[in-house]
Amino acid sequence: MPLLTRRNLLKASAVAGAYGVGIGIAGKFGLAEAAPEPQVLKALKTQATLTDAGVTKNIMTWADAQGGAAMPPVLRMTKGKPYAARLTNTLDEPTTIHWHGLRIPNKMDGVPFMTQPYVYTGDSFDYAFTPPDAGTFWYHPHCNTLAQMGQGMTGVIVVDDPADPTFDSEVVLNLRDWRLGGDGQFIAAFRPRDAAKTGTYGTVRTANWHQEPQYDAPAGGLIRLRIAVTDVTRIFSLKMEGAEATVIAIDGNPVPKRFPLDLLLIGPGQRLDLAVRMPDSEGAVATLEDIRGTTPKTIAKLRSVGTSLKRNVGDLAALAENPVAKADLSSAEKISVVLSATAENAPVDSICGTLGYSFWAINKVPWPGDTSDPTAPLSELKLGKSYILQLENVTPHTHPIHLHGMSFTVLSSSTREVMPLVTDTYLVQPDEKVQLAFVADNLGDWLLHCHIIEHQKTGMTSYVRVV
Ligand code: C2O
Ligand code: CU
């Protein structure tokens, strides 16, 4: 695998910069900046080699203008700079793109019916927005998601902050599984009895569509390792063997205080930014591992090359905080959100796919699916007001709960010490009650759902309306 140096990175961002053509000084004066040329994202079916069994057919992905029918491209954006993408759908079913974690206008959020029409076969949709926050984010369809995401459509977004501290190299990891049989072909996407529990696990684990890939990085250097868990089901417990790894950001936002990586739980939809101090000796290998379950699994490896740069993680400047409004806790209104199982049967047929079951509910209401006539919002919020979600998990399972369009701050938990993390996805443990505060500063209807896609699609979805 190629050596990812600062120089190569700069080259890559020069290419990405081509999308920035047309950005003038207007922004400095508060005028709207000219929209850049859209990045082409063509949704298509392809095939790829994921296992020794040979080529896997019926993979879904987006190809960029260069056409490479492989893993969805890592999209690079710049904080505060306009970005545009044109989705062209050549799949034989409708699709959309949701920009997970980006606080952008509602009509760009990619949720069929709620924020935009389906993008049918042969049609296009233009997305254009300015990402307000720097960090690691990701993108995926919001239509027939168990199939489209399960078969490949999960990609990483890096939003750069030109003021970020300098690393010696950067590695981006898109972590996901595939449900393949021994012949390397897709098997049933889920089992109902598992959907009613943890969700159905994949059979083949990959990082960047490879099993246990190894990347070269400068010996003794500081590597920014950006990890996105884009799997539809799997929760990871991450650990680094053979190198010092420091957590610098979670879900795109800098952590209030850096800490060493040690069995950190990261669920579907979440991201983790690590500063990895590479070993000094040439050829030494550091291994990112998943310790959840019985035997540790290797996710990816980093190999030291060259003579040691002798860097020190303590020298790394802090990441700038993202401009997320702080909730006013004295006036904040409380909204109770109870995650539970349900016996009520709700699913309705939807063009974006139904799994045909309802197992889960939010405040006792199982989400029926994407329809033109959804259930009432969980709550109607006033623009600019502060709110506290009192989230309670009365199920024996862990749920990564994701809010679209706004980021919240974790205030407290009934079961553990929490940092005041700013995030869009909280991994709520069995029997945990947690308080999440935010300012309703983005107009529109915003989904709140579990990011274990089988849970989302069998009832654990709701939405808030900001007016
Ligand atoms: Cu990644 Cu509705 O979410
Ligand atoms: Cu869940």
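Determine the equivalent ellipsoid of the stretch 37-160 by diagonalising the alpha-carbon gyration tensor, then write out the semi-axes as square roots of 5 times the eigenvalues, largest first, rounded to whole Å.
Details: eigenvalues 110, 57, 32 Å².
Listed largest to smallest, the semi-axes of the stretch 37-160 are 23, 17, 13 Å.
FRET efficiency for Thr375 and Ala284, Cβ-Cβ distance as r, R0 = 56 Å, nearest 0.05?
Working: r = 55 Å, r/R0 = 0.98.
Here the calculated transfer efficiency is 0.55.
Please arrange Asp92, Asp290, Asp251 by how many other C-beta atoms lie within 10 Å of their C-beta, fewest to most.
Asp92, Asp290, Asp251
Using 1/(1 + (r/R0)^6) with R0 = 60 angstrom and r between the beta carbons of Glu241 and Asn345, what's the FRET efficiency to the nearest 0.05?
Numbers: r = 47 Å, r/R0 = 0.78.
Given R0 = 60 Å and the Cβ-Cβ separation, E is 0.80.
Give the lysines whose C-alpha is closer than 21 Å to that of Lys257, dropping any in the same chain fewer than 8 places away, or say none.
Partners within reach: Lys239, Lys326.
Order 346-353, 124-131 from most to least packed using the mean count of other Cβ atoms within 10 Å. Could the numbers behind the result be given before it?
Working: 346-353: 16.1, 124-131: 18.0.
Most protected by this proxy first, the peptides run 124-131, 346-353.
Radius of gyration and Dmax for the stretch 299-457's Cα atoms, expressed in Å?
19.4, 63
Just from its helices, what would the mean residue ellipticity at 222 nm be for the chain, if runs of 4 or more DSSP H residues each count -39500 (n - 2.57) and the sum is divided by every residue, rounded to the nearest 500 deg cm²/dmol?
Values: 4 runs with 27 residues, N = 467.
Result for the chain, helices only: -1500 deg cm²/dmol.
Calculate, in nm to one decimal, what Arg191 and Thr295 gain on full extension: separation in residues at 0.36 nm each, minus their alpha carbon distance.
35.1 nm
Rg(Cα) of the stretch 109-252 divided by 2.2 N^0.38 Å? The partial results should precede the final answer.
Numbers: Rg = 17.8 Å, N = 144, 2.2 N^0.38 = 14.5 Å.
Taking N as the residue count of the stretch 109-252, the ratio is 1.23.
If I model a spin label at Val305 and Glu321 as a point 7 Å from the Cα along the Cα→Cβ vector, what separation in nanometres do I get?
It works out to 4.0 nm between the two label points.
Size of the chain along its principal axes in angstrom, Cα-based, largest extent first?
So the three principal-axis extents are 62, 57, 48 Å.
For the pair Leu383 and Ala70, how long in nm is the line joining their label points, each one 7 Å along Cα→Cβ?
Reported label-point gap for Leu383 and Ala70 is 4.5 nm.
Under the classification rounded if a/c is under 1.5, otherwise prolate if a/b is larger than b/c and oblate if not, where does the stretch 237-324 fall, given a ≥ b ≥ c as square roots of the Cα gyration tensor eigenvalues?
Judged from the Cα gyration tensor, the stretch 237-324 comes out oblate (a/c at least 1.5, b/c at or above a/b).
Estimate the FRET efficiency between Arg258 and Ser414 by the formula 1/(1 + (r/R0)^6), using the beta-carbon distance for r and 41 Å for R0, to the nearest 0.05.
Numbers: r = 26 Å, r/R0 = 0.63.
E(calc), rounded to 0.05, equals 0.95.
Note down the nm distance, to one decimal, between modelled labels 7 Å out along Cα→Cβ at Thr198 and at Glu37.
Modelled inter-label distance: 4.7 nm.
Would you work out the charge dipole size for the chain about its Cα centre, treating the Cβ of every Lys and Arg as +1 and the Cβ of every Asp and Glu as -1, and quote it to the nearest 20 debye?
On the way: 42 positive and 47 negative charges, 86 e Å.
For this selection, approximately 420 debye.
Each value in this text was obtained by applying a stated rule to the coordinates, not by laboratory testing. The shown structure was predicted, so the numbers you read here are calculated from the model rather than taken from an experiment. As a convention, Cβ positions derive from the backbone with ideal geometry for all residues, glycine included, and neighbour counts pool all protein chains shown.
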